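Everything on this sheet refers to the single structure shown next.
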Amino acid sequence: MPQLSESAFRKLLIALAVYITALIASNTLGIKIMPFLFDSHLSVGVFMFPIVFLMTDVVGEVYGKKIAKFFVLSGIVATLLWIGFTFLALAMPWSPDGWAIGDYETVFGMSLRIAIASIVAFAIAEYQDVISFFFFKKTIGEEGFWLRSNLSNLWSQFLDTVIFMLIAFLGIYPLPVLLSLIVTWWLYKVAMGFFYTPLAYVGIKLLKEKDGSQTN
């Protein structure tokens, strides 16, 4: 872990809070499905999850690979804790006057499978994202963050989508429908990541020290 000033450390903690919030939000809120083009549908998690991958690129750009991997590890720990807490909550008995007995199990029981799928896909894809981002940084060079970020996201989001869909929905949807969902969701997440790229530049500017120094 590189030595950080107090100001840089505070900014990094805020970035980590954004990262974890986007990850947990995509796991919990992602059970909502919205209509999309050509009678297809998408999870609302596609608005939040690209931020997760983008944040590792941002902190990696400013603070280096070790910090980016630390963010991934933090995300894995946070998701495992969330899954554990969900198991505990679902296992506890209901009070007779509980007001959301049926809906609670339906919502959080469904999102539990999604969370399990998410953590497996997340762990593999996020580490691949970090590796790919720094590979492109060596081959492309220091300039062109937007290109390095989107190229790494193109590959890592594909991995995430395929692994997630197979674990979360295999046996629920027919294979042709599942393949259609994989392609649609992958392309949409990549598009959202590209759309969020200007925010990444804002994040890089905010995370850099006042003198413009970086830790690589």
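A few comments on the model shown:
- Met34-Phe195 pseudo-label distance in nm [points 7 Å out on the Cα-to-Cβ vector]: 0.8 nm
- Cβ-derived FRET efficiency at R0 22 Å, Ile124 paired with Tyr173, nearest 0.05: 0.55
- Crossing angle, helix 65-91 versus the chain [Cα axis fit, 0-90 degrees, rounded to tens]: 20 degrees
- Cut-off under 5 Å, modelled amide H: who pairs with Tyr173 long-range: none
- Lys pairs, the chain - Cα-Cα below 15 angstrom, 8 or more residues apart or on other chains: 6
- Here r is the Cβ-Cβ distance between Lys66 and Leu13 and R0 is 22 Å; the resulting FRET efficiency, rounded to 0.05, is 0.85.
- Label point distance in nm, Val44-Leu81, each placed 7 Å from Cα along Cα→Cβ: 2.5 nm
- Order by protection proxy (mean Cβ within 10 Å, highest first), peptides 155-167, 77-89, 181-193: 155-167, 181-193, 77-89
- Highest-fluctuation residue, Tyr19, Tyr63, Tyr196 considered, GNM on the chain with Cα pairs under 10 Å: Tyr196
- Comparing Leu178, Leu151, Leu13 in a Gaussian network model of the chain (Cα springs below 10 Å), the most mobile by mean-square fluctuation is Leu13.
- Shape of segment 35-90, Cα gyration tensor, a/c cut at 1.5: oblate
- Local net charge near Ser43, Cβ-Cβ under 15 Å (Lys/Arg +1, Asp/Glu -1): +2
- Taking amide H positions as modeled 1.01 Å from N, with prolines and chain starts lacking one, the residues under 5 Å from Leu42 and 5 or more places away or on another chain are Met34, Phe36.
We did not get these values from a lab; they are worked out from the coordinates using the rules stated. A quick note: this is a predicted structure, and the numbers were derived from the prediction, not measured. All Cβ positions, even for glycine, are placed from backbone atoms using ideal geometry, and neighbour counts span all protein chains on display.
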